[in-house]
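A.B. asks: Quick one: this structure, given as C-alpha cells, is what I'll be asking you about.
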Amino acid sequence: MAAPKNEIKARLQRGERQIGCWLNLADPIAAEVAAQAGFDWLLIDAEHGPNDLRSILAQLQALGSHPAVVRLPSGDPVAIKRVLDIGAQTLLIPMVESGEEAANLVAATRYPPAGRRGVASAIVRASRYGSDPKYFATADAEIALILQVENRAGLAALDEIASTEGVDAVFIGPADLAADMGFPGPGEPAAQEVVMDAIRRIRSHGTAAGILGFDAPYIAAAESAGATLLGVGSDVALFAAALRDQAARFR
C-alpha cells in the first residue's frame, strides 16, 4: 500500500481539462449529493464557508474517493498539517503574494527532509491510521498544491510564484483581483484582460492555471488563454438560484 493516487495532480500534469464546484454549505450530505453530479473535483471551502476541521473531515468522508480540494483560510502551516493528516491531498491556499511565500507553502506540505510537515504518519487518517506503512515515503509525491493569486501584490510576483518548484497550479481569484484593482466587478473588460494575461503568464512557466467563474463565455475565454482547472459553480449559488426559480414559478 501507498498514499492514494491523486487524480487531480495527475490530470494537472497531463494538461487535462477539469471542471469543479465549490462546496460552501459545509454539509456532508450536500457534498455527497454534489459528488453524484458529474464534476471532476469538488472544493471544500474553509475560507468563505463555515467549515472547521471536523466539518472538513466529515465532507472528505462523505466524498470517499471523489477528487477533492480543500481551500484553507490562510497559509498557516499548522492548519495545512492538520488537513493533510485527515486525508486531504490537494490544497488551495488564498492570497499568495510572493515567491518566498510560495516556497514556504511547498515546505509546509512536505515531510522532512524535503519540507517541514509534522510527522505523525503512524496515527492519522491519511495513513489509514497507520495501516499503510508506505505512506510516509510516498505522501509527498501525491500532494497537489494550488496557490491563489488575487491582488496586485500577488500579480506583481506572479512569475516567481508560478515558477516555484512544488507548485502544481496557480489559481486566479477574479473577484478579489478586480476589487483590489478598483474595478466594479470581474466582468469588466479591462479586469478580464488582466486575468487572461495572468493565465498566459502562468502557463509560460509550464504551470497549470485555474479560474473560478459562473459565466460560460468567461470560462471559455479562460480556457482559450490556457486555463485547465475550471471552477464553474458553487453549491450555495446553485441551490439558492434553484429555490428562487421554483418559488417564482409558483408564486
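The values are calculated or read from the model by the stated rules, or taken from the named source; none is laboratory data. Quick caveat: nothing in here was measured; it's all calculated off a predicted structure. Please note: Cβ atoms are built from the backbone with ideal geometry, for glycine as well, and neighbour counts cover all protein chains shown. In case anyone asks, the SASA skips ligands and DNA or RNA and just uses the protein heavy atoms, side chains included. Shrake-Rupley method; radii C 1.70, N 1.55, O 1.52, S 1.80 Å.
A.B. asks: Of all residues in the range 84-98, which are open to solvent by less than 10 Å² (accessible area, probe 1.4 Å) and either out of contact with any Ser or Thr (no Cβ under 9 Å at 6 or more places or on another chain) or assigned to a strand (DSSP E or B) (or both)?
C.D. replies: Selection gives Ala88, Thr90, Leu91, Leu92, Ile93, Val96.
Let's see how each residue does on (1) open to solvent by less than 10 Å² (accessible area, probe 1.4 Å); (2) part of a loop (DSSP other than H, G, I, E, B); (3) touching a residue at least 12 places away in the same chain (Cβ under 8 Å):
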residue	(1), (2), (3)
Met1	no, yes, yes
Pro4	no, yes, yes
Arg11	no, no, yes
Glu16	no, yes, yes
Leu43	yes, no, yes
Pro50	no, yes, yes
Gln59	yes, no, yes
Val78	no, no, no
Arg82	no, no, yes
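A.B. asks: Moving to a separate point now. Residues in the range 129-140 that are within 23 Å of the chain's Cα centre (by Cα) and either within 30 Å of Asp197 (Cα to Cα) or charged (D, E, K, R) (or both): how many?
C.D. replies: Within the range 129-140, residues that are within 23 Å of the chain's Cα centre (by Cα) and either within 30 Å of Asp197 (Cα to Cα) or charged (D, E, K, R) (or both) number 1.
A.B. asks: Also, I was wondering about something else. Report, ordered by the first and then the second residue, all pairs with beta carbons closer than 6 Å, sequence separation of six or more or different chains, a first member in the range 108-130 that is closer than 10 Å to Lys81 by Cβ, and a second member that is open to solvent by 60 Å² or more (accessible area, probe 1.4 Å).
C.D. replies: Matching pairs, first to second residue: Ala108/Pro77; Arg117/Lys81; Gly118/Lys81.
A.B. asks: Which number in (1) touching a strand residue (DSSP E or B) at 6+ places or on another chain (Cβ under 8 Å); (2) on the phi < 0 side of the Ramachandran plot marks the one condition that Pro186 misses?
C.D. replies: Condition not satisfied by Pro186: (1).
A.B. asks: Arg116: outside any helix (DSSP H, G or I) and surrounded by fewer than 22 Cβ atoms within 10 Å (Cβ to Cβ), yes or no?
C.D. replies: Yes, satisfied.
A.B. asks: Could you run through the range 18-41 and say how many residues are open to solvent by 50 Å² or more (accessible area, probe 1.4 Å) and either under 24 Å from Ala79 (Cβ atoms) or of a type in the set (A, V, I, L, M) (or both)?
C.D. replies: Residues flagged as open to solvent by 50 Å² or more (accessible area, probe 1.4 Å) and either under 24 Å from Ala79 (Cβ atoms) or of a type in the set (A, V, I, L, M) (or both) within the range 18-41 amount to 5.
A.B. asks: Check the range 92-113 and report whether any residue there is touching a strand residue (DSSP E or B) at 6+ places or on another chain (Cβ under 7 Å) and on the phi > 0 side of the Ramachandran plot.
C.D. replies: Checked against the condition, which is being touching a strand residue (DSSP E or B) at 6+ places or on another chain (Cβ under 7 Å) and on the phi > 0 side of the Ramachandran plot, the range 92-113 yields at least one hit.
A.B. asks: Within the range 187-219, track down each residue that is among the hydrophobic types (A, V, I, L, M, F, W, C) and open to solvent by less than 50 Å² (accessible area, probe 1.4 Å).
C.D. replies: If we filter the range 187-219 for residues that are among the hydrophobic types (A, V, I, L, M, F, W, C), which is where we start, we get 190-191, 194-196, 198-199, 202, 208-209, 211-212, 214, 216, 219.
Within the range 187-219, Ala191, Val194, Val195, Met196, Ala198, Ile199, Ile202, Ala208, Ala209, Ile211, Leu212, Ile219 qualify.
A.B. asks: Can I ask one more? Return the residues of the range 145-186 that are aromatic (Phe, Trp, Tyr) and over 19 Å from the mean Cα position of the chain (by Cα); say none if nothing qualifies.
C.D. replies: Phe183
A.B. asks: Consider the range 61-76. How many of its residues are buried (at least 17 other Cβ atoms within 10 Å of the Cβ) and part of a loop (DSSP other than H, G, I, E, B)? Even if it seems obvious, please write down each step before you answer.
C.D. replies: Looking only at the range 61-76, we keep the residues that are buried (at least 17 other Cβ atoms within 10 Å of the Cβ), and these are 62-63, 66-72, 75.
With part of a loop (DSSP other than H, G, I, E, B) added as a condition, the list becomes 66-67, 72, 75.
Matching residues across the range 61-76 total 4.
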